[in-house]
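Engineer: Structure incoming, see below.
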Amino acid sequence: MKAQQARLGPRIERAINAVLAHGQFILGPEVKQLEDRLAAHCGARHVIGCSSGTDALLLALMALGAKAGDAVFVPSFSFAATAEAVALAGATPVFVDVEAASFNLDPAALAEALAEIKAKGQLRPAGVIAVDLFGQPANYPAIDRLAEAQGLWVIADAAQSYGAALGQKRVGTFGRISATSFFPAKPLGCYGDGGAVFTDDEKLAAIVRSASVHGKGTDKYDNVRIGLNARLDTLQAAILLEKLSIFDDEIMKRQAVAARYAAALAERVGVPRLGADATSVWAQYTILVPERDALAAALHAQGIPTAIYYPKPLHRQTAYGHFPVAGGSLPVSDKLSARVLSLPMHPYLEPAVQDRIIGAVLAALD
Ligand SMILES: *Cc1c(COP(=O)(O)O)cnc(C)c1O
């Protein structure tokens, strides 16, 4: 963050001061500018700024009409917000396993989960939220095929992946609706909470926009649906406009860091793998090691910070334990939770510093 601030120099201060000067803190002109810039950047027809990634997911679910009795299939190996939004919308998250290689929703497991829920007949299969974990898009071609055949919608939880792509298609254009987050630690982060919703569907876009302002009709004192207060702050939009201007370059720098890690570590630990036509924005660089806690302690002793995303899959969390688990158990999610360790990753990680991290990892494994 310090290096990024130094690079952007006085631009962010100028952007903030411009907002202080015009005083339109709610839905000021920078919000629309950012929405237009994001639409051009990723190729989505409609972009709606909002208050967080969690609210982006909730707005998407509201627009798609998720309701009580609906089954929404979600990966268990994710951040809580994925399932939380489903429960807040009144629907039931059904936890599905992920692929070990990509950390993302396993299309084969999804097909089985769908058959199981249909056979049980208690819930109405309504949709899927695929998560682009650690910055790599999920396998949307396979997930879409399945969803389409069964009449389900797909939401892309792109909180960690804005900027990534599958072939020529960029994140923001997957699923019926995509949701991203601008939480400071995400690849494109603001200086507080923020998010955005993306869709090519004009009707859904209109509902999302309305729902983000108390279900407004012609204005916010004309309420045509139950909504939220979920707008993106003008100040955050102004900051994001500056950050977006250097974001593609930052993505390339992240990719260079990831390539260096992979080259140095692939023979000794499990390194993340990308699908054939996938790119990642490397929100996290997550390795797999059987003695994860020992490695984390050894790195910590040398002043190298690490993190565990996620130590407990969602189907084992107190708040989510009562929701259905496809097939009764999710062995890949369990195994990943016990073995994942995320190494320092950001665009301004100097090669010398990275070499010290790599050296410390290799030494600890000896
Ligand atoms: C961060 C995150 C969210 C929620 O975003 P917030 O802006 O923190 O509300 C949702 N899903 C995933 C996968 C995330 O990583």
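The values are calculated or read from the model by the stated rules, or taken from the named source; none is laboratory data. What you are looking at is a predicted structure, and each value in this text was computed from that prediction instead of being measured. Methodologically, a virtual Cβ is constructed for each residue, glycine included, from the backbone with ideal geometry; neighbour enumeration extends over all protein chains shown. Areas reflect the complete protein model, heavy atoms only, side chains present, ligands, DNA and RNA absent. Shrake-Rupley method; radii C 1.70, N 1.55, O 1.52, S 1.80 Å.
Engineer: Residue farthest toward the positive end of the dipole of the stretch 30-120, with Cβ of Lys/Arg at +1 and Asp/Glu at -1: which of GLY43, ALA83, ALA108?
Structural biologist: With unit charges placed on the Cβ atoms, the residue in question is GLY43.
Engineer: Now for a different question. For the stretch 155-211, what % of the accessible area comes from carbon and sulfur atoms, probe 1.4 Å?
Structural biologist: The value for the stretch 155-211 is 53 percent carbon and sulfur by accessible area.
Engineer: Treating the beta-carbon of each Lys and Arg as +1 and of each Asp and Glu as -1, no other charges, what is the dipole magnitude of the stretch 210-366 about its Cα centre, to the nearest 20 debye? Please list the in-between numbers first.
Structural biologist: Working: 16 positive and 15 negative charges, 92 e Å.
The calculated dipole for the stretch 210-366 is roughly 440 debye.
Engineer: While we're on this one: Can you pull the one-decimal nm distance between simple spin-label points at ALA40 and ALA6, each 7 Å off the Cα toward Cβ?
Structural biologist: Spacing of the two 7 Å Cα→Cβ label points: 3.1 nm.
Engineer: In deg cm²/dmol and to the nearest 500, what is the mean residue ellipticity at 222 nm of the chain if only DSSP H runs of at least 4 residues count, each as -39500 (n - 2.57), divided by the residue total?
Structural biologist: The per-residue figure over the chain is -12500 deg cm²/dmol.
Engineer: Just how much of ILE26 is accessible, in Å², when a 1.4 Å probe is used and the result is rounded to the nearest 10?
Structural biologist: The value for ILE26 is about 90 Å².
Engineer: Straight-line reach only, C-alpha to C-alpha below 14 angstrom: list the aspartates and glutamates that LYS120 could link to, leaving out same-chain residues fewer than 8 apart.
Structural biologist: ASP70, GLU112
Engineer: What aspartates and glutamates could a cross-link reach from LYS67, if we take a straight Cα to Cα line under 15 Å and drop same-chain neighbours fewer than 8 places away?
Structural biologist: Cross-link targets: GLU84.
Engineer: Are there trypsin sites (Lys or Arg not before Pro) in the stretch 193-273 that DSSP marks as loop and that have at most 16 other Cβ atoms within 10 Å, and which are they?
Structural biologist: For trypsin sites (Lys or Arg not before Pro) across the stretch 193-273 that sit outside H, G, I, E and B with at most 16 neighbouring Cβ atoms in 10 Å, the list reads LYS220, ARG225, ARG268, ARG273.
Engineer: Still on this model: Between the stretch 95-133 and the stretch 231-249, how many Å separate their Cα centres?
Structural biologist: Spelled out, the Cα-based centre of one part sits 34 Å from the other.
Engineer: Please compare each pair in LYS186/LYS253; LYS118/LYS312; LYS2/LYS243 to a cut-off of 19 Å on the Cα-Cα distance and tell me which ones are over it.
Structural biologist: LYS118/LYS312
Engineer: Using only alpha-carbon positions, what ratio does the radius of gyration of the chain give when scaled by 2.2 N^0.38 Å? Walk me through the numbers on the way to the answer.
Structural biologist: Numbers: Rg = 20.5 Å, N = 366, 2.2 N^0.38 = 20.7 Å.
Relative to the rule-of-thumb radius for its length, the chain sits at 0.99.
Engineer: Just to confirm my numbers, what's the Cα centroid distance between the stretch 287-328 and the stretch 168-216 in Å?
Structural biologist: 28 Å
Engineer: Which loop-located trypsin sites (Lys or Arg not before Pro) does the stretch 30-124 contain, where loop means any DSSP state but H, G, I, E or B and the Cβ has at most 16 other Cβ atoms within 10 Å?
Structural biologist: ARG45, LYS67
Engineer: Report the dimensions of the stretch 47-133 along its three principal axes from the alpha-carbon atoms, largest first, rounded to Å.
Structural biologist: Dimensions of the stretch 47-133 along the principal axes of its Cα atoms: 37, 32, 20 Å.
Engineer: So what does MET345 come to for accessible area, using a 1.4 Å probe and Å² rounded to 10?
Structural biologist: About 30 Å², rounded to the nearest 10.
Engineer: Additional query: Take the solvent-accessible surface of the protein heavy atoms, probe 1.4 Å, and return the percent of it on the stretch 52-127 that carbon and sulfur atoms account for.
Structural biologist: 57 percent
Engineer: Among GLY328, GLY49, GLY28, determine the one that fluctuates most according to a GNM of the chain built with springs between C-alpha atoms less than 10 Å apart.
Structural biologist: The residue with the greatest mean-square fluctuation here is GLY328.
Engineer: Express the accessible area of the chain per residue in Å², computed with a 1.4 Å probe while the remaining protein chains stay in the model. Spell out each step's value before the answer.
Structural biologist: Values: 15510 Å² over 366 residues.
So the chain comes to 42 Å² accessible per residue, rounded to a whole number.
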